[in-house]
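This report refers to the structure that appears directly beneath it.
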Amino acid sequence: MRTLAAAAAALALLGACGSSPRKITIDTAPPNGIIVVLDEPGAPALLLAKDIDGIVKRILKLLDPFIAPETKNLLKKLDLAELVTRVVAALKLDQIPPEMVAETREKLNAIPGTVREEIFSAIGLEEFGAGAVTLKAKTARTYAIIAWAPGRKAAVESVNPFKSKHSRMTLTLVER
């Protein structure tokens, strides 16, 4: 009987904690950069350098039928942060980088939804946008935040909205 009551109390407490998401708004300086928020498996890969090669290989394998060899070579040279932001920008925001060859630009638009979702799952895409993004975290975990804009270096930060004292954060994008 005590065990059942203790379990019920623990579930009620967990439910109360999980029922009110914490919000944090993320922006870039200069404004309107592309922001990508990653959960698992992308966040640990980016923040802790775990299985980066595995995630990169999976993304490139999924994209392979849809990209020109020149574009594949370009993407292979990017670090994980820039690869993720460019792929999300192209597939979610229709912002295809100009350095991608025309053949790839056309093929990216034809990628089936199931393949897109598999790519987003491989990186742990939680939230994205061009300009300010609001992350509504339901659990106390650390997320990887990537910000990027053409001509600028990708900025990477981590945030746990349940531990942060702030409701806003700005990532500064420096010129290349």
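Here, each number is a calculation from the coordinates, and none is a lab measurement. Quick caveat, the model's predicted, so the values are computed rather than measured. Every residue, glycine among them, receives a Cβ derived from its backbone with ideal geometry; neighbour counts consider all protein chains shown.
Evaluated with a Cβ-only charge set (Lys, Arg +1; Asp, Glu -1), the chain carries a dipole of roughly 600 debye about its Cα centre, given to the nearest 20. Both radii are taken from the alpha-carbon atoms of the stretch 20-117; with Rh as the Kirkwood radius, Rg/Rh is 0.98.
Of the GluC sites (Glu not before Pro) found in the stretch 92-129, the ones in coil according to DSSP and having at most 16 other Cβ atoms within 10 Å of their Cβ are 99. Per the Kirkwood formula applied to alpha carbons, the stretch 63-139 shows a radius of gyration over Rh ratio, Rg over Rh, of 0.97. In this structure, residue 57 and residue 20 have a Cβ-Cβ separation that, at R0 = 45 Å, corresponds to a calculated FRET efficiency of about 0.70. Given the -39500 (n - 2.57) contribution per DSSP H run of 4+ residues, what per-residue ellipticity at 222 nm results for the chain, rounded to the nearest 500 deg cm²/dmol? So the helix-based figure for the chain works out to -13000 deg cm²/dmol.
Projected onto their three principal axes, the Cα atoms of the chain cover extents of 67, 34, 27 Å, largest first.
Placing a pseudo-label 7 Å from each Cα along the Cα-to-Cβ vector at residue 49 and residue 121 gives an inter-label distance of 3.0 nm. Placing a pseudo-label 7 Å from each Cα along the Cα-to-Cβ vector at residue 140 and residue 99 gives an inter-label distance of 4.1 nm. Counting lysine pairs in the chain whose alpha carbons fall under 17 angstrom apart, excluding pairs fewer than 8 residues apart on the same chain, gives 19. Near residue 96, no amide H atom lies under 5 Å from its own; only residues 5 or more places off or on other chains count, and H is placed 1.01 Å from N. Taking 0.36 nm per residue of sequence separation and removing the Cα-Cα distance, the residue 152/residue 40 pair yields an extension gain of 37.8 nm.
For the chain, averaging the sequence separation of C-alpha pairs within contact (under 8 Å, six or more residues apart) and dividing by the residue count gives a relative contact order of 40 percent. Each of 38, 102, 56 was scored by the projection of its Cα onto the charge dipole of the chain, and the greatest displacement toward the positive side belongs to 38; charges sit on the C-beta of Lys, Arg, Asp and Glu. Taking 139, 28, 85 as the candidate residues, the one with maximal mean-square fluctuation in a Gaussian network model of the chain, Cα springs under 10 Å, is 139.
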